[in-house]
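Visitor: Before anything else, here's the structure in question.
None of the figures in this text is laboratory data; all of them are computed from the coordinates on show. These numbers come from a predicted model, not from an experiment. Positions of Cβ are generated from backbone atoms using ideal geometry, with glycine treated the same way; all protein chains shown enter the neighbour counts.
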Amino acid sequence: MADDTEDVELDFAADEQERARRSAVIRHPLASFFHLFFRVVAIVAYLLSDWISENFASCFVLIITLLSFDFWSVKNVTGRLLVGLRWWNQIDDDGKSLWVFEAKKASHDNNIGTEAEARIFWLGLIICPLIWICFFFTSLFSLKIKWLSLVVASISLQVANLYGYLRCKAVGEDGQHADSFTGQHLLQRPDIIFGIL
Amino acid sequence: MADEANRQFAGLSDVSISEDIPVEGDISVPMGSSSSNRQRGGEDEFSTLDEPVKETILRDLRAVGSKFIHVLYPKRSSVLLRDWDLWGPLLLCVTLALLLQGGAADSEDQGGPQFAEVFVIVWFGSIIITLNSKLLGGTISFFQSLCVLGYCIMPLTAAMAVCRIVLVGGSGTVSFTVRLVVVTASFGWSTFASTAFLADNQPAGRKSLVVYPVFLFYFVIGWMVLTFSPSQ
């Protein structure tokens, strides 16, 4: 009988840890921080470009470097950790290019991000490209053409991740709503852009 | 006779092919995430954040490095095509643009490649060449083509570095001749390396239609490299 009570205590301890982990507001603080860090710093650097350096080239290199780090970390790390989505491209033996979008089912792993993290992820993913699109129009209408090239490069880096993760989300939701518009629409024409790419 | 035939194939009568044959195999994609990980559950369960991120970074860096080496010896290999990435082209483009700075081009009224122009020429040019080859019915994919064209800028970037070193010594006829030789050699190398990858995917008779935009592309970049003159 003593053994039974001991076993029950051990289970409680393990359960408590699990419960604490599950009820934590943010399970991956480092990933959440870095998800937003590079994007926001790049936007701030663009806005404060006059104060950072007079040389256009160094500003360009700084922003592109920040956005490259952001692209890599969002694609390879934070998407997996915060929302359990992943996308990549693979070339099979025939040389055909195949885009793969993967969504993890929530029941299989409880290390996936919480709701707060998911909100951080999607807000960061959507708002920053919108801001860069605003910069596109401001630089276009103020005829600062060399800044336009920077903005176009930034938009392409940011929108690539956004599009990839939206496709992953459509794949994930396909199991629940088989005839939801987004899921079916994107899946029936799976390579709507990527068929060309 | 029939008995013999039956005996030969006797063992096969037990074989039944089930409807759902499990498809097995491994597609290893060293692009930062592996598709076979789902079975292992490898990358999804890790204790610290740093460890697998470091592995991923190292793997990507090694992939980029191996592609640079493959451009040095351009034989038909699958490395540039199979595991494409655009980090190398981005790095090369930035390096080339930075090397083309500091010339007589820095002041706004002089002609000469500004930083953003190099970027636009390289990337827009690559996109146009890729569209051209795809419209001609090439089998190579969009990003694979961008990858090859970008990595094959490496000889011209090296030539730019050599030119800048030569220009430190002076900008007379001798230095111009040296620079001309270097730039021509690297231009030929770039064109040869990229056509080794790109032209193979084309049907015969179309190869020159694909090659000439590549020729023009590297010619323009070589021209920018050759006509670079340092500010007084």
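Visitor: Just want the ordering: B:Phe176, B:Phe124, from fewest to most Cβ atoms lying within 10 Å of their own Cβ. Don't skip to the answer; put the middle values down first.
Guide: Working: B:Phe176 15, B:Phe124 12.
Taking fewest neighbouring Cβ atoms as first place, the list is B:Phe124, B:Phe176.
Visitor: What ranking do A:Cys128, B:Cys152, B:Cys93, A:Cys134 get, fewest neighbouring Cβ atoms within 10 angstrom at the top?
Guide: Working: A:Cys128 24, B:Cys152 27, B:Cys93 21, A:Cys134 11.
With the sparsest Cβ surroundings first, the list reads A:Cys134, B:Cys93, A:Cys128, B:Cys152.
Visitor: Whole Å is fine, so just give me how far the alpha carbon centre of the range B:143-199 lies from that of the range A:131-175.
Guide: First find each Cα centre; the distance between them is then 33 Å.
Visitor: Arrange the following residues from fewest to most other Cβ atoms within 10 Å of their Cβ: A:Lys169, A:Lys144, B:Lys54, B:Lys67. Can you show the working numbers first?
Guide: On the way: A:Lys169 18, A:Lys144 14, B:Lys54 11, B:Lys67 23.
Ascending number of Cβ neighbours within 10 Å: B:Lys54, A:Lys144, A:Lys169, B:Lys67.
Visitor: A further question follows. What distance in nm lies between label points placed 7 Å from Cα along the C-beta direction at B:Tyr212 and A:Ser58?
Guide: Output for this residue pair reads 4.5 nm.
Visitor: Right, another one. Report, in listed order, any pair from B:Lys67/B:Lys134; A:Lys75/B:Lys54; A:Lys169/B:Lys67; A:Lys75/B:Lys67 with a Cα-Cα distance greater than 25 Å.
Guide: Values: B:Lys67/B:Lys134 23 Å; A:Lys75/B:Lys54 15 Å; A:Lys169/B:Lys67 33 Å; A:Lys75/B:Lys67 21 Å.
Distance filter (> 25 Å) returns A:Lys169/B:Lys67.
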